[in-house]
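Peer 1: Sending over a structure as structure tokens; questions will come in a sec.
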Amino acid sequence: MAHLLGLAYQEFVRELREAQAGLGFGDLGRSDGFVFRALGSQPMTVSELIARLQISKQGAGRIVDDMERRGYVERHPEPDDGRARLLHLSGRGRAALAAARRFHQRYERRLAREHGREAVASLRLLLGGIAGPEQAVDPQLRALYL
């Protein structure tokens, strides 16, 4: 059964990438979505992003630099600490995040049409159980996926 979860996820990601590319976001990287969702709620420093995503400083630096180069992220001075820089989603980044969220909603509605609302509700309950109660209620983690 685990392989079916993996295959379903791969198909979801394939459809998401195809939809995003059709909207002009064909240059999205594998980790960009996590950064979009993390910054979607509020700007943060690279250190805060590292803690939120639990990634290395070097990894965060590479991802942020690349996203900035592609126009998805901007750095602005922290108002309370001139040495610190806050990461913000650019207009392009906010548009990509909004498009991904619309895709998620359409995808779930399509699943409900094809398999029934009860089946989708059961699947959500099952996946929530597999993920565990901590992940289901942790607002920081939920914000990464909604």
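Peer 1: Among the listed residues 84, 51, identify the single one that is of a type in the set (Gly, Ala, Ser) and in contact with a Ser or Thr (Cβ under 7 Å, 6 or more places away or on another chain). Give the steps one after another, and end with the answer.
Peer 2: Details: 51 fails: in contact with a Ser or Thr (Cβ under 7 Å, 6 or more places away or on another chain).
It is 84.
Peer 1: Among the candidates 62, 75, 113, which residue alone is over 23 Å from residue 22 (Cα atoms), outside any helix (DSSP H, G or I) and at pLDDT 90 or above?
Peer 2: Only one candidate qualifies: 75.
Peer 1: So which residues in the range 44-59 are open to solvent by less than 50 Å² (accessible area, probe 1.4 Å) and either within 17 Å of the chain's Cα centre (by Cα) or at pLDDT 95 or above (or both), if there are any at all? Spell out the reasoning first.
Peer 2: In the first step, residues of the range 44-59 are kept if they are open to solvent by less than 50 Å² (accessible area, probe 1.4 Å); the result is 44-46, 49-50, 52-53, 59.
Of everything in the range 44-59, those that are open to solvent by less than 50 Å² (accessible area, probe 1.4 Å) and either within 17 Å of the chain's Cα centre (by Cα) or at pLDDT 95 or above (or both) turn out to be 44, 46, 49, 50, 52, 53, 59.
Peer 1: Can residue 71 be described as among the small types (Gly, Ala, Ser) and over 28 Å from residue 127 (Cα atoms)?
Peer 2: Values: among the small types (Gly, Ala, Ser): yes; over 28 Å from residue 127 (Cα atoms): yes.
When the stated conditions are applied, residue 71 passes them.
Peer 1: Okay, next question. Can you pull out every residue in the range 78-103 that is without any contact (Cβ under 8 Å) to a residue 60 or more places away in the chain, in a helix (DSSP H, G or I) and touching a strand residue (DSSP E or B) at 6+ places or on another chain (Cβ under 7 Å)?
Peer 2: The answer is 93, and nothing else.
Peer 1: Where residues in the range 1-54 are in a helix (DSSP H, G or I) and among the basic types (Lys, Arg), which of them is farthest from residue 85 (Cα to Cα)?
Peer 2: Initially, the range 1-54 is screened for residues in a helix (DSSP H, G or I), giving 2-22, 32-41, 46-53.
Pick out the ones that are also among the basic types (Lys, Arg) and you get 14, 17, 37, 52.
Numbers: 14: 34, 17: 30, 37: 19, 52: 16 Å.
Restricting to residues being in a helix (DSSP H, G or I) and among the basic types (Lys, Arg), the top hit is 14.
The values are calculated or read from the model by the stated rules, or taken from the named source; none is laboratory data. The model shown is predicted, which means the values in this text are computed figures rather than measured ones. A quick note on method: Cβ atoms are made from the backbone with ideal geometry, for glycine too, and the neighbour counts reach across all protein chains shown. Just the protein is used for accessible areas: all its heavy atoms, side chains included, with ligands, DNA and RNA removed. Shrake-Rupley method; radii C 1.70, N 1.55, O 1.52, S 1.80 Å.
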